[in-house]
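Data block below; observations after.
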Amino acid sequence: MSNRKIGILVEFNFEDAELIYPYYRMKEAGFETVLIGPVAGKQYNGKHGYPATSEVSVDNIAAQDLCALIIPGGWAPDYWRRDQRFLQLVKDMDSQGKILATICHGAWMLCSAKILKERKLTCFCAIKDDVENAGGLFEDSPVVIDGNLITSRLPKDLPDFCKAILSQLEI
C-alpha cells in the first residue's frame, strides 16, 4: 500500500479512548496518523478531559490523501454531522471505497452522509433507531465489516475494532 496515511476526526467532547487507542495503534502499525479538526492546531478536550490537538484542518485534506478515516464517538459526531465539510469527506471516502471506520456515536456521521442504505453495521445502542431509519441494517456485534465500512459499538470493542481496520488495510 503506497498511501499509508490514516485520518482520525477530532472535535470537542470526543470519546477519549475511541480517539487515543486507534491513534496510537495505527501509529504502532506503521501508519502516518493525523488528527483532522475544524481548524488546524487547535486543542480539543475529550469528554473525560484528555486534550488532543488537530494537526490538519478538514479544509486541507481530501479522501485521496488518506487510506482510511476513523470517526470516534462521544458527543463530537453531533458537531461533525452538521458541518458539510466533514460530511463531504465521509461521502468521498465511501465513494472511493476507502476504509471508513466508526465506533459508538460515530455512526451518526454515516446517517447524515446518507450512505447507509442496505449496509450492515453496529453502533452504540442509543442510536440504533437513527441507523435503521437511515437505511442501515443494525447488528449487535463487537465489530461489523461491510465492504469498506468497519463499525463497532463501545470502548470495550476497541481491540476488535482496531484489528479489523488493520486487517482490511493489509488486503
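Among the residues making up the stretch 130-171, those that are assigned to a strand (DSSP E or B), open to solvent by 20 Å² or more (accessible area, probe 1.4 Å) and of a type outside the set (Phe, Trp, Tyr) are LEU137, VAL143, ILE145, ASP146.
Residues that are under 12 Å from GLU18 (Cα atoms), out of contact with any Gly (no Cβ under 9 Å at 6 or more places or on another chain) and not charged (D, E, K, R) within the stretch 153-171 comprise LEU158, PRO159, PHE161, CYS162, listed in sequence order.
Of the candidates ILE115, ILE127, the single residue that is outside any loop (DSSP other than H, G, I, E, B), under 19 Å from PRO72 (Cβ atoms), among the hydrophobic types (A, V, I, L, M, F, W, C) and touching a residue at least 12 places away in the same chain (Cβ under 8 Å) is ILE127.
Quick check on the stretch 15-32: of everything there that is open to solvent by less than 30 Å² (accessible area, probe 1.4 Å) and more than 12 Å from the chain's Cα centre (by Cα), which residue is farthest from VAL56 (Cα to Cα)? Don't jump to the end; show me each part of the working.
To start, the set of residues in the stretch 15-32 that are open to solvent by less than 30 Å² (accessible area, probe 1.4 Å) comprises 15-16, 18-19, 22-23, 26, 31.
Narrowing the set further to residues that are more than 12 Å from the chain's Cα centre (by Cα) leaves 16, 26, 31.
Values: ASP16: 19, MET26: 17, PHE31: 16 Å.
The qualifying residue farthest from VAL56 (Cα to Cα) is ASP16.
Here's the yes/no breakdown for (1) out of contact with any strand residue (DSSP E or B) (no Cβ under 9 Å at 6 or more places or on another chain); (2) β-branched (Val, Ile, Thr); (3) open to solvent by 40 Å² or more (accessible area, probe 1.4 Å):
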position	(1), (2), (3)
LYS5	no, no, yes
LEU9	no, no, no
ASN13	no, no, yes
VAL39	no, yes, yes
GLY49	yes, no, yes
ALA63	no, no, no
ILE103	no, yes, no
GLY106	no, no, no
LEU110	no, no, no
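Of the residues that make up the stretch 86-99, is at least one over 22 Å from GLU11 (Cβ atoms) and among the aromatic types (Phe, Trp, Tyr)?
So far as the stretch 86-99 goes, no, none of its residues is over 22 Å from GLU11 (Cβ atoms) and among the aromatic types (Phe, Trp, Tyr).
The values are calculated or read from the model by the stated rules, or taken from the named source; none is laboratory data. Here the structure is a predicted model, which means the values were calculated and not measured. Virtual Cβ from ideal backbone geometry, glycine too; neighbours counted across all protein chains shown. Ligands, DNA and RNA are stripped out before the accessible areas are found, and what is left, the full protein with its side chains, is counted by its heavy atoms. Shrake-Rupley method; radii C 1.70, N 1.55, O 1.52, S 1.80 Å.
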